[in-house]
1. Can you give me the distance in nm between label points at Arg206 and Arg32, each placed 7 Å from the Cα along the Cα-to-Cβ direction?
2. For the ranges 147-153, 184-190, 47-53, what's the packing order if you count other beta-carbon atoms within 10 Å of each residue, average per peptide, and put the highest first?
3. From the helices alone, meaning DSSP H stretches of at least four residues, give me the mean residue ellipticity at 222 nm for the chain, per-run term -39500 (n - 2.57), in deg cm²/dmol to the nearest 500.
4. Using a 10 Å cut-off on Cβ atoms, rank the peptides 22-28, 125-131 from the highest mean neighbour count down.
5. For the chain, with only Lys/Arg (+1) and Asp/Glu (-1) charged at the beta-carbon, what is the dipole magnitude about the Cα centre, in debye rounded to 20?
6. Between Ile249 and Arg197, what is the FRET efficiency for a Förster distance of 35 Å, r being their Cβ-Cβ separation, to the nearest 0.05?
7. On a 0 to 90 degree scale, rounded to 10, what angle separates helix 57-69 from the longest Cα axis of the chain?
8. Note the full-extension length gain between Ala13 and Leu45 as 0.36 nm times their separation in residues minus their Cα-Cα distance, in nm to one decimal.
Amino acid sequence: MSDLFWLTEAQMARLEPFFPKSHGKPRVDDRRVLSGIIFINRNGLRWRDAPSAYGPHKTLYNRWKRWSDKGIFARMMAGLAAEHGEEKTVMIDATYLKAHRTATSLGVKKGGGGRLIGRTKGGMNTKLHAICDSRGRPLNLFVTAGQVSDYIGARALLSSLPDVDWLLGDRGYDADWFREALKDKGIHACIPGRKQRKEPVKYDKRRYKRRNRIEIMFGRLKDWRRVATRYDRCPKVFLSAIALAALVIYWL
């Protein structure tokens with residue numbers, strides 16, 4: 001089929017350093033299996049609906065689940081994103097991702113860490129927090145339940161900020177502790193103040209307009225149907241789907 005997705009040899013060469021070592025019986029064709037996994041995630045298909053060109057659907061699912069649990073896909077994205085070379089500006093923002101009923105059904109096991117799904121005005125959601133560079137390429141990703149404040153995501157992503165001059169963010173990140181933390185890192189904050197502030201905060205309005213690039217990034221990630229709608233109960237597997245989309249769209 002001409003509309004199937006296939007990784008090129010050059011793309012496979014960039015991914016191979018992140019592959020886990022094969023123990024015992026050699027793995028089946030990595031290019032075929034990974035291309036099938038990408039096709040399923042991009043189009044939001046059930047695993048059993050995978051085209052026969054990619055081989056047995058159980059092989060695709062087993063590889064996807066095993067590598068997701070090990071964090072392989074997230075490491076691929078982080079490893080290639082580490083070569084970003086950004087020195088001037090990064091952006092921070094968050095977006096809601098709708099949780100399908102298959103992700104929210106059944107109770108969570110006792111002692112588990114939860115599914116990172118929360119109820120908001122728009123229903124059951126997961127929130128994706130992200131850092132991107134000046135070209136709108138994702139550098140780091142973090143997921144929480146939908147009702148979690150943007151401050152939580154900012155605190156989690158703070159330590160991974162690269163050595164840059166500016167950080168752009170919307171009013172949701174207007175907090176004195178966050179501004180001070182950025183100042184300690186030598187980063188200038190371009191964040192408008194909340195309306196509740198007694199004293200207005202000055203910021204570079206012309207520079208702030210460039211923040212639309214992170215919104216465009218979220219839009220492109222949501223073009224992948226398994227990202228726009230969360231079908232996976234396990235948050236680690238869902239984060240792998242987001243990382244895989246970011247990897248293919250921006251870093252391969």
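The values are calculated or read from the model by the stated rules, or taken from the named source; none is laboratory data. Just so you know, these numbers come straight off a predicted model, no measurement behind them. Please note: Cβ atoms are built from the backbone with ideal geometry, for glycine as well, and neighbour counts cover all protein chains shown. Note: accessible area is taken over every heavy atom of the protein model, side chains too, but ligands, DNA and RNA are not part of it. Shrake-Rupley method; radii C 1.70, N 1.55, O 1.52, S 1.80 Å.
1. 5.7
2. In decreasing order of mean packing, 147-153, 184-190, 47-53 become 147-153, 184-190, 47-53.
3. Details: 11 runs with 96 residues, N = 252.
About -10500 deg cm²/dmol.
4. 125-131, 22-28
5. Numbers: 50 positive and 25 negative charges, 209 e Å.
Here the chain has a charge dipole of around 1000 debye.
6. Numbers: r = 37 Å, r/R0 = 1.05.
Efficiency computed from Cβ-Cβ geometry: 0.45.
7. With rounding to tens, the tilt is 40 degrees.
8. 8.8 nm
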